[in-house]
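Heads up: the structure comes next, in structure tokens.
The values are calculated or read from the model by the stated rules, or taken from the named source; none is laboratory data. What you see is a predicted model; the values in this text were computed from it and never measured. All Cβ positions, even for glycine, are placed from backbone atoms using ideal geometry, and neighbour counts span all protein chains on display.
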Amino acid sequence: MENWRHFLKEEKKRGIRLGDEVVCLRAEISPKSDAEFTLYTPGPGTKASNRILRLEIIGQINISSLKSSGPCLTADGKKPSWHVEAIHTAEKYRNVGYGALLYGFAFYVAKNDNAGLTSDKDTGSKKDAVVKWDSFEKDTQTFDKVTTPAGNNTFDYDSVTPDPDDDCDVLVDDEQNATDFSFDHKNPQIYEKPMAMYESNHMDFLDQVINSGFMSEKEFNKFLDQAAFTSFTNEYDG
């Protein structure tokens, strides 16, 4: 009976998984520098104003290169690690795979820059993120730890080791640091198809927005930024 109650409790935590045709992805990528992925779904109906004003943020991830903080676990022939500055999934859409998608997009960008990916090294991570990074470490079939030519795979925040390639001058403290490793996804190409599909949906919706005359592209992007920021604030504070 206890197991059944636990099962029901876990089931209640699952959010909504939308049809692929109504999921949109705005991807903003600055090669070798930073990237932002915003998943959202337009509001109901056919009227442009309703579809815009009632759109819902599914989730967002922001990542950037740690190149300004040092080698930060630079492997042989590779570049400094990237880190996840912020990630959230709206409660309505949690535990159905969207968070994993966002991480997947991040690993894809890092891999394209020939670098690993690690947790936030500026302000730290929440408990859910710590669990996620622990799962990456355990999943050795999918991930490799980035290792320097000298054989080190752990960030050196205080220049303790003689290896210069593990040095990383960052602000995060031990209590809020989700991982001391950087991870290399072995096959991030699996995220190319959903990324292309959801980006195409976004471009189609953006065309509808512009053609309606309700908002310009610049105004819509600003509106989407504000919606994503509100969503992040609500989820983070919650």
Among the residues of region 139-148, which ones are in a loop (DSSP other than H, G, I, E, B), over 18 Å from the mean Cα position of the chain (by Cα) and surrounded by 15 or more Cβ atoms within 10 Å (Cβ to Cβ)? 146, 147, 148
Selected residue (criterion: modelled with the lowest pLDDT) from residues of region 167-215 that are loosely packed, with under 13 Cβ neighbours inside 10 Å and part of a loop (DSSP other than H, G, I, E, B): 173
Please verify whether residue 52 is in a strand (DSSP E or B), surrounded by 21 or more Cβ atoms within 10 Å (Cβ to Cβ) and in contact (Cβ under 8 Å) with a residue 40 or more places away in the chain, treating the condition exactly as stated. no
Among the candidates 110, 115, single out the residue that is in a loop (DSSP other than H, G, I, E, B) and under 27 Å from residue 174 (Cα atoms). 115
What's the total number of residues in region 55-97 that are closer than 20 Å to residue 18 by Cα and in a loop (DSSP other than H, G, I, E, B)? 6
Would you please list the contacts, defined by Cβ atoms under 8 Å and residues six or more apart or on different chains, that run from a residue in region 12-25 that is loosely packed, with under 15 Cβ neighbours inside 10 Å to a residue that is among the basic types (Lys, Arg) and outside any helix (DSSP H, G or I)? 13/94; 14/94
Exactly one of 23, 96 is farther than 21 Å from residue 143 by Cβ, touching a Ser or Thr at 6+ places or on another chain (Cβ under 8 Å) and aliphatic (A, V, I, L, M), and that residue is 23
Give me a count of the residues in region 159-192 that are more than 15 Å from residue 66 (Cα to Cα) and aliphatic (A, V, I, L, M). 3
Looking at (1) out of contact with any Ser or Thr (no Cβ under 9 Å at 6 or more places or on another chain); (2) at pLDDT 95 or above; (3) not in a strand (DSSP E or B); (4) not hydrophobic (A, V, I, L, M, F, W, C), can you tell me which one residue 9 breaks? (2)
Among (1) at pLDDT 95 or above; (2) surrounded by fewer than 19 Cβ atoms within 10 Å (Cβ to Cβ); (3) not charged (D, E, K, R), where does residue 159 come up short? (1)
Residue 136 fails exactly one of the following numbered conditions: (1) out of contact with any Phe, Trp or Tyr (no Cβ under 6 Å at 6 or more places or on another chain); (2) crowded, with 21+ Cβ neighbours inside 10 Å; (3) at pLDDT 95 or above. What is the number of that condition? (1)
Run down 184, 174, 167 and say which single residue is free of Cβ contacts under 8 Å to residues at least 12 places away in the same chain and over 23 Å from residue 19 (Cα atoms). 174
Exclusive hit being within 15 Å of the chain's Cα centre (by Cα), of a type outside the set (D, E, K, R), over 26 Å from residue 231 (Cβ atoms) and surrounded by 22 or more Cβ atoms within 10 Å (Cβ to Cβ), set 65, 81: 81
Given (1) surrounded by fewer than 23 Cβ atoms within 10 Å (Cβ to Cβ); (2) under 14 Å from the mean Cα position of the chain (by Cα); (3) within 22 Å of residue 171 (Cα to Cα), where does residue 90 come up short, assuming only one miss? (3)
What pairs come out if I take residues in region 97-116 that are touching a residue at least 60 places away in the same chain (Cβ under 8 Å) and pair them with residues that are assigned to a helix (DSSP H, G or I) and buried (at least 24 other Cβ atoms within 10 Å of the Cβ) whose C-beta lies under 8 Å away, six or more apart or interchain? 116/110
